[in-house]
Amino acid sequence: MSMQIRTFEEYKAVYQRSVEDPEGFWAEQAGSFNWRKPWDKVLDWNFRDLDVKWFIGGKLNITENCLDRHLAERGDQTAIIFEPNDPNGETTTYTYRQLYEEVCKTANALHAMGVRKGDRICFYMPMIPQLAIGVLACARIGAIHSVVFAGFSASSLSDRIKDASCKMVICSDYNRRGAKNIPVKAIVDEAVAMGCDSVETVFVHQNTGEAINWVEGRDKWWHEQVDHQQPECPAEEMDSEDMLFILYTSGSTGKPKGVVHSCGGYMVYTCYSFANVFQYQPGDIYWCTADIGWITGHSYIVYGPLLAGATTVMFEGVPTYPDAGRFWQIVEKLKVNQFYTAPTAIRALMAFGDDPVNKYDLSSIKLLGTVGEPINEEAWEWYHKVVGKEKCPIVDTWWQTETGGIMISGLGGLSPMKPSFAGYPLPGIQPCLLDGNGKEIDGNNVEGVLCMKYPWPSMIRTTYGDHERCRQTYFSSYDNMYFTGDGARRDENGMYRIIGRIDDVINVSGHRMGTAEVENAINEHPKVVESAVVGYPHDIKGQGIYAYVITLEPVNDLEGFRKELLAVVTREIGPIAKPDKIQVVSGLPKTRSGKIMRRILRKVASGETDSLGDISTLLNPEVVEEIKDGAL
Ligand code: WTA
């Protein structure tokens, strides 16, 4: 268990120390883990060439720290509580010993099927225990997992499989989601058929048991491969800097990139941040409602909690099935102590009023958390009053797929809270704000571009297969800095408030999306000449997707065309990327050099047509009137 800070005074002292002597500080944290061989040097770093290494020369296996290490002391303690989609279904649990055995059996099965250290394995699965088990089984034998959120389309899945040349895809037959069963194996078949030549095996967990198509020789059943295996599996010895996993995320340009995290630093940081932000105490039941398809699920459902020896809940379903009281029913049933969710879920549930919350006994909750997007004050107040009964601290945790772990957040109950402010940096994290010229802004009550001026153990190491792209994206905008893509404000007390993305990334219901990606999908429609996508404020989703579309010929049946576009986007990316509003236009406002003036499009989409600024220098100022008149 990582060292836990217990007062705000202590936080300040520890923070100070972590900045004055980062290597000493992190060496101390790393010392509480099991290393096969200790590191020779804590840190080597160079942001300009992007070369960052932590715990150099150290050898370990992260699963020995998630599992084996706990067996003596808490082998019979519950590690995972699984709550199924069906509210009448059975809650199942895995003790640390049972989880250890399942992971070992699965690792042996993967090994028997030819999976070796360094192989990439793609997961496309629902939130069932086998997903966590499979991920840990990969880590056990040194294979690199790449989990793809099961809401992405076959086409997106295929791109991700190809980018990492995955040898195996692990999926279920069907996923349960609310009242529907989703044929995921069929989606995997379709994805693999789109030229995924690297895939030798599709490994299928039988979840619902409904009929699926079967490819002899390629497809293998989970139960047939795993059940007879030995419940012991020697862990592969990994270097600190060996890859642990790849996770694809959207940026402002091009296709999603595979963010790479490595073994040693990720282990140290996810455990340390989990223990401190959530102030987890032995015996607590901790529940993060994220999906393992996103970084939050990786770091704070699987790795962080298990490294800390916690009891972590996995929920298969959705917040509104069978009704809007589902989360609270589960909190009451499992006596959840720490509850961590996304602002979009809070806003969606808030819309149903207080009754679905008040029906349940939530007195077990000690701490509430949010993640993924800015939380507006109204949602924060509702969460605090109605869910937390004004007695639970809220941690608003700011971080990114690239950061691996929580960077700016209160430490549960210790830190001052201020609605819509993430607060102070965690120990070891050195944020700064830069002005338009890349100069650091000192002092408080200031606003700027949020960067990091010093490395931290769980930071992105590279983007898979393209190191230069990683350097360009995050380390070239400002000299010797990690660029987050977010704008932020620092108040009079030094607390940070995240304002939002300053690049062409939008955040829709906590899902990160590149506007270029959505445009590329829309442009696949044969009638589309050009499109521009922007975000606009949306009551529930945080941001909605607004698409401006130029068509080849006038559209008569607008509703029919809209449906076709939604279908194209669903096919290319997935339903999460469907535009909320589509406006057909005859042109897009462009500068004389041909660049789309997104600023204007964002203003129109947000209904701020009075403050468009000077448009006289545009190539085609007349189109702005038309766009304003037709705004939805
Ligand atoms: C946004 C999710 C405000 C931010 C862990 C960031 C937030 C992006 C917060 C990363 C927060 C995340 N307050 N904004 N507490 N947390 N964000 O990679 O814009 O899916 O850059 O990681 O989400 O999204 P990602």
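Results for (1) basic (Lys, Arg); (2) within 21 Å of the chain's Cα centre (by Cα), shown as yes or no for each residue.
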site	(1), (2)
504	no, yes
507	no, yes
513	no, yes
516	no, yes
519	no, no
533	no, no
538	no, yes
541	yes, yes
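Restricting region 467-483 to residues that are touching a strand residue (DSSP E or B) at 6+ places or on another chain (Cβ under 8 Å) and under 20 Å from residue 266 (Cβ atoms), which is most open to solvent (accessible area, probe 1.4 Å)?
Per the criteria, the residue is 473.
With a cut-off of at least 2 residues that are in contact (Cβ under 8 Å) with a residue 24 or more places away in the chain, more than 16 Å from residue 375 (Cβ to Cβ) and more than 12 Å from the ligand (Cβ to nearest atom), name the strands (runs of 3 or more DSSP E) lying wholly within region 488-540.
The qualifying strands (runs of 3 or more DSSP E) are 528-538.
What are the residues in region 1-24 that are over 27 Å from the mean Cα position of the chain (by Cα) and within 13 Å of residue 43 (Cβ to Cβ), if any?
The answer is 21, 23, 24.
Looking only at region 337-371, count every residue that is part of a loop (DSSP other than H, G, I, E, B), closer than 22 Å to residue 414 by Cβ and in contact (Cβ under 8 Å) with a residue 60 or more places away in the chain and tell me the total.
The qualifying residues number 2.
Filter region 387-401 down to residues that are more than 9 Å from the ligand (Cβ to nearest atom) and open to solvent by 20 Å² or more (accessible area, probe 1.4 Å), then give me how many there are.
The number of residues fulfilling the criteria is 4.
Return the residues of region 259-300 that are among the small types (Gly, Ala, Ser), away from the ligand (no atom under 12 Å from the Cβ) and either touching an Asp or Glu at 6+ places or on another chain (Cβ under 6 Å) or open to solvent by less than 10 Å² (accessible area, probe 1.4 Å) (or both); say none if nothing qualifies.
Listed by number, the residues that qualify are 262, 264, 265, 275.
Being away from the ligand (no atom under 16 Å from the Cβ) and touching an Asp or Glu at 6+ places or on another chain (Cβ under 9 Å) is the filter; apply it to region 364-384 and report the residue that is most open to solvent (accessible area, probe 1.4 Å).
Here the answer is 366.
Here is a yes/no grid of residues against (1) out of contact with any Phe, Trp or Tyr (no Cβ under 6 Å at 6 or more places or on another chain); (2) modelled with pLDDT of 90 or more; (3) crowded, with 16+ Cβ neighbours inside 10 Å:
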{"position": "585", "(1), (2), (3)": "no, yes, yes"}
{"position": "592", "(1), (2), (3)": "yes, no, no"}
{"position": "598", "(1), (2), (3)": "yes, yes, yes"}
{"position": "610", "(1), (2), (3)": "yes, no, no"}
{"position": "613", "(1), (2), (3)": "yes, no, no"}
{"position": "616", "(1), (2), (3)": "yes, no, no"}
{"position": "624", "(1), (2), (3)": "yes, yes, yes"}
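Going through region 103-117 one residue at a time, which ones are open to solvent by 10 Å² or more (accessible area, probe 1.4 Å) and in contact (Cβ under 8 Å) with a residue 60 or more places away in the chain?
Matches in region 103-117: 105, 108, 111, 112, 113, 114, 117.
Collect the residues in region 515-531 that are under 18 Å from residue 558 (Cα atoms) and either of a type in the set (Ser, Thr, Tyr) or open to solvent by less than 30 Å² (accessible area, probe 1.4 Å) (or both), keeping them in residue-number order.
If we filter region 515-531 for residues that are under 18 Å from residue 558 (Cα atoms), which is where we start, we get 522-531.
Correct list: 522, 525, 528, 531.
For region 65-177, list the strands (runs of 3 or more DSSP E) that sit wholly inside it and hold at least 3 residues that are touching a Leu at 6+ places or on another chain (Cβ under 8 Å), farther than 30 Å from residue 570 by Cβ and not charged (D, E, K, R); which are they?
Details: elements: 78-83, 92-95, 120-124, 144-147, 168-172, 175-177.
Counting at least 3 such residues, we get 78-83.
Given the structure, is residue 342 surrounded by fewer than 22 Cβ atoms within 10 Å (Cβ to Cβ) and among the small types (Gly, Ala, Ser)?
It is false that residue 342 is surrounded by fewer than 22 Cβ atoms within 10 Å (Cβ to Cβ) and among the small types (Gly, Ala, Ser).
When you check residue 252 against the structure, is it in a loop (DSSP other than H, G, I, E, B) and either open to solvent by 10 Å² or more (accessible area, probe 1.4 Å) or within 16 Å of the ligand (Cβ to nearest atom) (or both), yes or no?
On the way: in a loop (DSSP other than H, G, I, E, B): yes; either open to solvent by 10 Å² or more (accessible area, probe 1.4 Å) or within 16 Å of the ligand (Cβ to nearest atom) (or both): yes.
So residue 252 fits the description; yes.
Among what's in region 402-421 and is surrounded by 21 or more Cβ atoms within 10 Å (Cβ to Cβ) and polar (S, T, N, Q), pick the residue that is farthest from residue 294 (Cα to Cα).
Looking at the filtered set, the residue picked out is 409.
Would you pick out the residues in region 301-320 that are β-branched (Val, Ile, Thr) and either under 16 Å from residue 369 (Cα atoms) or surrounded by fewer than 24 Cβ atoms within 10 Å (Cβ to Cβ) (or both)?
Once the filter is applied, which keeps residues that are β-branched (Val, Ile, Thr) and either under 16 Å from residue 369 (Cα atoms) or surrounded by fewer than 24 Cβ atoms within 10 Å (Cβ to Cβ) (or both), region 301-320 yields 301, 312, 313, 318, 320.
Of everything in region 428-446, what is more than 14 Å from residue 495 (Cα to Cα) and touching a helix residue (DSSP H, G or I) at 6+ places or on another chain (Cβ under 7 Å)? Give them in sequence order.
428 - this is the single residue of region 428-446 that is more than 14 Å from residue 495 (Cα to Cα) and touching a helix residue (DSSP H, G or I) at 6+ places or on another chain (Cβ under 7 Å).
Taking residue 432 as the residue in question, decide whether it is outside any loop (DSSP other than H, G, I, E, B), more than 13 Å from the ligand (Cβ to nearest atom) and open to solvent by less than 10 Å² (accessible area, probe 1.4 Å).
In short, yes.
The values are calculated or read from the model by the stated rules, or taken from the named source; none is laboratory data. From a predicted model like this one, the values you see are computed outputs, not experimental measurements. When we count neighbours, we look across all protein chains shown, and the Cβ atoms used for this are built from the backbone with ideal geometry, even at glycine. To get the accessible areas, we keep the full protein, side chains included, count just its heavy atoms, and leave off ligands, DNA and RNA. Shrake-Rupley method; radii C 1.70, N 1.55, O 1.52, S 1.80 Å.
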